[in-house]
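A short worksheet on the structure shown next.
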Amino acid sequence: MRGTTNQDAWRRYLEGERLFSINSEPRMEKARAKFAEAIELDCEFARAHGYLSYVLTRSVQLGWLGDSELVRAEKHARKAVELDPHDYAVFWDLGYCLLGQGDLDGALKEYETALDLYENFTDLLDRKHGLLAEIAEAYIFDGRPKDAIKLLKRAKRTPDWYSWNLGWAYYNAREYDAALKELECIRSRPGDDEHVFDVQLMIAACYAHKGNKVMAKNNLNLFETALNTTLDLERLRKRVTFRNAADADHWIDGLRGATDETQKSD
């Protein structure tokens, strides 16, 4: 992504992004103004040109601006692509602009470029799944609903570690059913290359606190078999950094309840 070294331009860009709204015409007008200000401060700020194109197109679609503004939108989108031909986001903006003009073939071409850059030339943390959702919309218009469904299902996914951390939070809140429900949302399963088997420890501890010794032991066995190890509670305790000793005890006691040892407390 080609950004800007001008802090004021960057600030205006962020303000415009926060103001973006499809429900409030005054906020959208302010968003357009912020992106325009960012461009005035740095005329080579590609994403500012791209986002201005996007909000202009969206404003026309909502009836807040006349169709003539689509010419201006396309001008900014093409400028963004010229400035940064390696940024998926600006091709997204151009594709959206062309779709807003009724140019489905042109939009699909730019969207496919955006998707290729998104997949192969973009830091994972900079990927916004909104691109997938909007390409899916173009696929629907193109008579390709099944392709759209595939992209939309992918766009709706959240990384497994989000569910892992949420399950961890529920566990420490002593909400074991909620923790187990969240951990069930993790797509990877034992046997998958990407599966993190520490998840089985959390599931085992939840079942132990619920008094289900069989499920607790089964999940602990999955962990130990996969990693060819025996659970070392003392070593595991040293890995945790809880401020409160009671929380550390709660974690270790849950795991102890999944072993053949007697659980100390609940």
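The values are calculated or read from the model by the stated rules, or taken from the named source; none is laboratory data. Here the structure is a predicted model, which means the values were calculated and not measured. Cβ: placed from backbone, ideal geometry, glycine included. Neighbour counts: every protein chain shown.
Key figures for this structure:
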read-out: From ARG78, ARG58, ARG72, ARG144, residue being touching a residue at least 12 places away in the same chain (Cβ under 8 Å) and either under 26 Å from the mean Cα position of the chain (by Cα) or within 30 Å of TYR162 (Cα to Cα) (or both); value: ARG58
read-out: Breaking point among (1) part of a helix (DSSP H, G or I); (2) over 30 Å from ALA89 (Cα atoms); (3) of a type outside the set (Phe, Trp, Tyr), for PRO190; value: (1)
read-out: Residue in the range 87-101 that is assigned by TED's automatic domain parsing to the domain that holds ASN120, of a type in the set (A, V, I, L, M) and touching a residue at least 60 places away in the same chain (Cβ under 8 Å) present; value: yes
read-out: Check on GLU44, in the same structural domain as ASP93 (by TED's automatic domain parsing) and part of a helix (DSSP H, G or I); value: no
read-out: Test: residue in the range 24-35 that is modelled with pLDDT of 95 or more, in the same structural domain as ALA114 (by TED's automatic domain parsing) and closer than 22 Å to LEU115 by Cβ; value: no
read-out: Output for the range 64-88, where each listed residue is of a type in the set (A, V, I, L, M) and surrounded by fewer than 24 Cβ atoms within 10 Å (Cβ to Cβ); value: LEU65, LEU70, VAL71, VAL81, LEU83
read-out: Which numbered condition LYS217 fails, given (1) surrounded by 13 or more Cβ atoms within 10 Å (Cβ to Cβ); (2) modelled with pLDDT under 90; value: (2)
read-out: Every pair of residues 6+ apart whose Cβ atoms lie under 9 Å, when the first sits in the range 221-243 and is outside any helix (DSSP H, G or I) while the second is of a type in the set (S, T, N, Q) and surrounded by 10 or more Cβ atoms within 10 Å (Cβ to Cβ); value: LEU231/THR259; PHE242/ASN172
read-out: Unmet requirement for TYR171, which otherwise passes all of (1) assigned to a helix (DSSP H, G or I); (2) under 30 Å from ASP198 (Cα atoms); (3) free of Cβ contacts under 8 Å to residues at least 60 places away in the same chain; value: (3)
